[in-house]
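I have placed the structure first, in the form of structure tokens, so that the comments after it can refer back to it.
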Amino acid sequence: MKLVYFFAFLSLLSFNSFSQTQEDAGSSAVLIHAGGGSGSGFYIYD
Amino acid sequence: MSLITACHVLMDQNQNLYSDSILLVSYKKNSQTDSKDSFRVSLLTALKLKMFKYDVKTDVAVLSFASSTNGGIDYLPFVTKISSTGTFLNLWPISAIKKINELKTLDEIYTVGYPKSLSLTRNFDFNRPLVRKGIIAGLDFTTNKIIADCPTYQGNSGGIVILVFPVDMKYYIIGLVSQFVPFEEHWKNEAYGYSNTNVYNSGYSVIVPIDFILQQLSLLGK
């Protein structure tokens with residue numbers, strides 16, 4: 001079921017009028033290594 | 001171009017940075033391939049140049065990263081490129097946002113991040129981002145926080161939260177992951193004087209709305 005949701009999400013994103021493609025959006029997180037830990041982030045532009 | 005994340009990913013509550021510099025890794029298009037961007041960023045230098053702004057109270061950190069000129073990308077001096085294919089494909093336009101007062105409960109959302117604290121690392125590569133689906137469970141206009149019915153874990157902090165706007169079915173940034181809401185179970189054995197508290201992930205998460213991110217972005221040096 002989770003896979004169905006995931007692929008439904010990706011297919012919907014492909015119809016988005018923004019510059020994001022389905023692949024970009026699905027992988028739009030940035031992995032941040034800070035010291036010994038890690039977290040997430042994302043890039044934006046204006 | 002800016003990096004957005006949660007403040008607590010980079011520093012403790014006393015505003016002490018976990019490290020002077022950070023390593024950023026992101027993947028192009030298909031995250032199952034090895035095409036990726038890696039950068040080393042000096043936070044101390046960015047701070048001096050007023051290109052790094054944060055607010056511990058709202059848990060938002062923003063870092064000006066690069067600018068685009070004539071179709072190319074100019075990285076700021078505190079950014080060291082380790083590996084890159086030359087173009088950013090996973091940038092989000094800041095125009096594609098929905099503020100907290102535009103949201104409604106039950107709206108459908110997705111988080112994208114790196115919950116590296118999850119186990120079964122032998123079965124999955126947690127250096128790749130994972131998407132999770134959820135809904136807006138509540139909107140707290142007193143604290144201006146979004147509560148999501150969408151489990152997040154250590155490593156998700158700072159990750160983007162995307163809304164499926166029901167009016168046009170398009171995708172918008174609504175904020176970033178700040179923390180999960182804990183469920184605490186207290187017990188006490190009065191006969192022996194023992195007590196204990198177990199803390200679990202309730203499945204609810206606190207989302208910092210894009211409104212606070214915009215505030216910090218407006219403070220960046222130009």
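Taking every alpha-carbon pair under 8 Å whose residues sit at least 6 apart, the range B:2-217 reaches a relative contact order of 19 percent.
Please get the size of the charge dipole for chain B, origin at its Cα centre, with Cβ charges of +1 on Lys and Arg and -1 on Asp and Glu, quoted in debye to the nearest 20.
On the way: 21 positive and 18 negative charges, 136 e Å.
Result for chain B is approximately 660 debye, rounded to the nearest 20.
Per the helix-only calculation at 222 nm, which mean residue ellipticity applies to chain B, given -39500 (n - 2.57) for every DSSP H run of n ≥ 4 and division by its residues, nearest 500 deg cm²/dmol?
That calculation yields -2000 deg cm²/dmol at 222 nm.
Within the same chain, aspartates and glutamates fewer than 8 places from residue B:81 are excluded, and of the rest, those with a Cα less than 13 Å from its Cα are B:37. Taking other Cβ atoms within 10 Å as a rough exposure proxy, B:165, B:124, A:42, B:180 sort from fewest to most as B:124, B:165, B:180, A:42. Whole-Hz Karplus values for the range B:202-219 come out as 6, x, 8, 9, 9, 10, 7, x, 4, 3, 6, 5, 4, 4, 5, 4, 5, 8 Hz, taken residue by residue from phi with 6.51 cos²θ - 1.76 cosθ + 1.60 and θ = phi - 60°; glycine and proline positions read x. Taking the fewest neighbouring Cβ atoms within 10 Å as the starting point, the ordered list for B:92, B:187 is B:187, B:92. Residues considered: B:91, B:63, B:139. Largest GNM mean-square fluctuation over chain B, using C-alpha springs under 10 Å, is found at B:91. Going from the residue with the fewest nearby Cβ atoms within 10 Å to the one with the most, B:17, B:24 rank B:17, B:24.
Taking the convex hull of the alpha carbon atoms in chain B, what volume per residue do you get, in Å³?
In chain B, the Cα convex hull volume per residue is 168 Å³.
None of the figures in this text is laboratory data; all of them are computed from the coordinates on show. Because the structure is a prediction, the values reported are computed rather than measured. No Cβ is skipped: glycine too gets one built from the backbone with ideal geometry, and neighbour counts run over all protein chains shown.
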